[in-house]
Structure formats: structure tokens, C-alpha cells
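All remarks here apply to the structure that follows.
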Amino acid sequence: MKKHRFNRHGCNLFYRRWSGGESGQVLVMFHGLASNSTRWTEFAESMTEESSGPDDNWQIICPDLRGHGHSRFRGRLRAEDWMADLASLLDQVGCQRAVVGGHCLGANLALRFGLEYPDRVRGVVMVEPMLPQALGGTLAKLRPVGWLLPLLALPVRAINSLGIYRRNLPELDLAELDRKTRASMARHGSHKAMLKRYASPRKELAHMAVAPYLQSLHQVLRRIDGIENLGCPSLALLSEGGLLADPERSRELLQAIPEIRIRQIAALHWIPTEEPEAMTREIRDFLDDLSAVC
């Protein structure tokens with residue numbers, strides 16, 4: 001694995017890259033809200049270790065989205081900016097078309113990218129997509145007033161522009177956190193350990209600036225129109241627990257995509273944490289089938 005940076009519009013964007021040989025096949029994986037590229041460390045290492053031949057090798061690229069992790073940014077932030085960043089990243093690494101995937105917010109972003117940049121996408125992988133019409137719990141209650149979030153970010157951005165902001169945000173290693181969480185779950189036999197560590201705004205804001213957090217949350221709540229126009233093979237992995245989104249409603253909505261493969265996994269919501277082997281196996285099978293026809 002190698003760490004890289006490139007600059008776009010004044011923002012230094014960070015990404016991790018696992019080399020997959022010379023096959024030219026590229027898989028880009030986005031992380032979720034208040035996360036970073038370490039979300040995919042275990043997955044990428046497993047994928048590269050299990051490669052068996054030149055056609056089985058994938059370069060795996062995992063960016064820190066603008067405003068997250070090492071891609072520090074405190075200005076205006078929208079999904080359109082993340083998509084343009086990815087298009088520039090693909091140019092940076094010399095890739096015309098890639099398979100694009102992600103978890104949670106990242107899954108939504110991968111779907112948006114497939115719709116907006118169809119000539120740059122071979123396939124889409126969505127791990128627990130958060131389609132706004134299928135959201136549940138707090139997110140469903142927040143959705144009607146989600147438009148307020150960018151407005152709340154405005155005074156914070158103004159203060160940041162004066163040079164007033166936290167200078168040293170602690171790094172969050174999701175791979176290490178996942179290992180500790182799985183160990184705790186094994187000891188206590190419940191999901192309490194997970195709920196204490198994930199989806200807590202207080203803990204998320206310990207590692208992320210306020211303005212990009214509010215704006216990124218708004219992007220989770222934004223409607224995605226025209227998903228029936230996605231013109232590439234797609235995989236959706238839905239958790240059975242439905243903690244943040246209704247799996248049946250998600251399935252109903254996703255079936256509008258012409259070439260969609262939908263699988264359910266026994267998890268609350270954090271499939272990469274709870275069932276990493278099952279997730280990797282499903283993605284591996286999807287990529288193998290994609291390689292066979294492309």
C-alpha cells in the first residue's frame with residue numbers, strides 16, 4: 001500500500017493505493033460519513049492477498065473524501081465536488097474507467113458518480129446504500145429539515161475563514177477500531193460495543209471539522225433521482241438489521257437499476273465491521289463476473 005496526495009482547486013487530496021499488478025483494472029472505494037480511507041484497509045489487504053492471477057489483480061484506490069481524514073477542507077462542500085475530485089483522481093492515476101464503490105455515504109456517492117460520469121464507470125458497488133426514501137430512525141426524522149444543515153455550516157465556515165479552527169484533529173484508524181469492536185462483540189455477545197463506537201455525532205466530531213460534517217450529513221439526506229438510468233452492472237449489499245435504512249424499502253428502490261445484484265448480509269449497518277469476510281466474498285464474486293464479460 002502506498003500513500004499519495006494531489007492538489008485540486010487548492011485542496012490537498014489524500015488517497016491510499018494498493019497495487020494489483022499490470023491488469024489495468026481499478027476499483028475505487030469511498031468511505032462513509034465522518035470516516036476515512038482506513039475503512040477499506042482490511043478489505044484491500046484481503047483482496048490483494050487472495051489474488052491468484054494477472055486477470056484477478058485489481059488496483060484498489062481509497063481516497064479520503066474532501067473534508068475527511070487527511071483531505072482537510074473547510075469550505076463549501078457538495079457531492080458534486082467529491083465526484084469532480086474522483087474524476088481528477090482517475091486522470092491522475094491514468095485510468096479511464098473504474099469500478100466505483102463505497103459504504104453508506106460512499107455508496108450513495110458511487111451511485112451518483114455512475115449516473116453523472118457513465119463513461120468513467122465499469123461497475124458500481126454499494127455497501128449499505130443510504131437512499132433517502134428508505135432512511136429510518138433519526139435520519140428519517142432529520143430529512144425534512146436537512147436543507148438547514150448547509151445553512152448551519154455557514155457561520156462555522158465564516159469563523160474558519162478567519163483562521164479559527166481546531167489545528168490538530170486526531171487520526172482515526174478504522175481498521176484498528178473494527179478489530180477492537182469485533183473483539184468486544186465476541187466477549188459480550190451483543191451489538192452494544194458497536195453502538196457505543198459508531199454513529200455517535202460526538203465521537204465523529206472528535207475526528208472531523210464541524211462545517212464539512214454538517215454539509216456531508218446533508219449529502220446523505222439528498223435525494224438521488226434517475227437511478228433507473230444507471231447503465232452498468234451493479235452490486236448492492238444490504239444489512240438485515242436495518243438500523244439506519246429499511247432493507248426492504250432499499251431493495252424495492254434499487255430494483256429500478258437494470259443490471260443490479262442485491263444481497264443481504266446479517267449485520268446491523270456496518271457490514272465492513274460486522275461481516276468483512278462475507279462482504280469481501282460478494283465483492284470478489286461481482287468483480288470476477290465483471291472481468292469475465294468485459
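Is the C-alpha gyration tensor of the range 41-165 telling us rounded, prolate or oblate? Criteria: a/c under 1.5 is rounded; beyond that, a/b larger than b/c is prolate, otherwise oblate. Could the numbers behind the result be given before it?
Numbers: a/c = 2.10, a/b = 1.58, b/c = 1.33.
Cα axes put the range 41-165 in the prolate bin.
Along the positive direction of the dipole of the range 121-251 (beta-carbon charges: Lys, Arg +1; Asp, Glu -1; about the Cα centre), which of Ser239, Ser200, Leu142 reaches farthest?
Working it through, the farthest residue towards the positive pole turns out to be Ser200.
Given a cut-off of under 8 Å on Cα pairs at least six residues apart, what relative contact order in percent is computed for the chain?
Working: 537 pairs, mean separation 59.5, N = 294.
Here the relative contact order equals 20 percent.
Taking the Cα centre as origin and putting +1 on Lys and Arg beta-carbons and -1 on Asp and Glu beta-carbons, what dipole magnitude results for the range 2-293, to the nearest 20 debye? Working shown, then result.
Values: 38 positive and 34 negative charges, 342 e Å.
So the magnitude is around 1640 debye.
Counting pairs of alpha carbon atoms under 8 Å apart in space and at least six apart in sequence, what relative contact order in percent does the range 76-217 give? It would help to have the intermediate numbers written out before the result.
Values: 121 pairs, mean separation 31.8, N = 142.
For the range 76-217, the relative contact order is 22 percent.
Work from the charge dipole of the range 1-130 (Cβ charges, +1 for Lys and Arg, -1 for Asp and Glu, about the Cα centre) and give the residue of Leu105, Cys95, Pro129 farthest towards its positive end.
So the residue furthest toward the plus end is Leu105.
Scanning the chain for trypsin sites (Lys or Arg not before Pro) in DSSP loops with at most 14 other Cβ atoms within 10 Å, what's the longest stretch left with none?
Details: sites that count: Arg76, Arg166, Arg167, Arg223.
It runs 77-165.
What net charge do the residues around Arg166 carry, taking every other residue with its C-beta under 11 Å from that of Arg166, with Lys and Arg at +1 and Asp and Glu at -1?
On the way: positive: Arg72, Arg74, Arg167; negative: none.
Charge balance near Arg166 sits at +3.
How far is it, in nm, from the label point at Ile159 to the one at Val93 when both lie 7 Å from their Cα along the line to the Cβ?
Output for this residue pair reads 3.7 nm.
Set the Förster distance to 45 Å, then compute FRET efficiency between Leu205 and Ala292 from the Cβ-Cβ distance, nearest 0.05. Walk me through the numbers before you get to the answer.
Values: r = 44 Å, r/R0 = 0.98.
The value I calculate is 0.50.
Name the shape class, rounded, prolate or oblate, that the alpha-carbon gyration tensor gives for the chain, where a ≥ b ≥ c are the square roots of its eigenvalues, rounded holds for a/c under 1.5, and otherwise prolate holds if a/b is larger than b/c and oblate otherwise. Kindly include the intermediate steps, with their values, before the conclusion.
Details: a/c = 1.31, a/b = 1.18, b/c = 1.11.
Verdict is rounded for the chain.
State the extension gain, in nm to one decimal, for the chain segment bounded by Ser184 and Lys3, taking 0.36 nm per residue of separation less the distance between their alpha-carbons. Walk me through the numbers before you get to the answer.
On the way: separation 181, 0.36 × 181 = 65.16 nm, distance 3.02 nm.
Additional length available on full extension: 62.1 nm.
Run the numbers for Asn12 and Gln255: contour at 0.36 nm per residue of separation, minus the present Cα-Cα distance, in nm. Please list the in-between numbers first.
Numbers: separation 243, 0.36 × 243 = 87.48 nm, distance 3.76 nm.
The span from Asn12 to Gln255 would gain 83.7 nm if fully extended.
Each reported figure results from applying straightforward, stated rules to the coordinates on display, with no laboratory input. Source: prediction; values computed, not measured. A quick note on method: Cβ atoms are made from the backbone with ideal geometry, for glycine too, and the neighbour counts reach across all protein chains shown.
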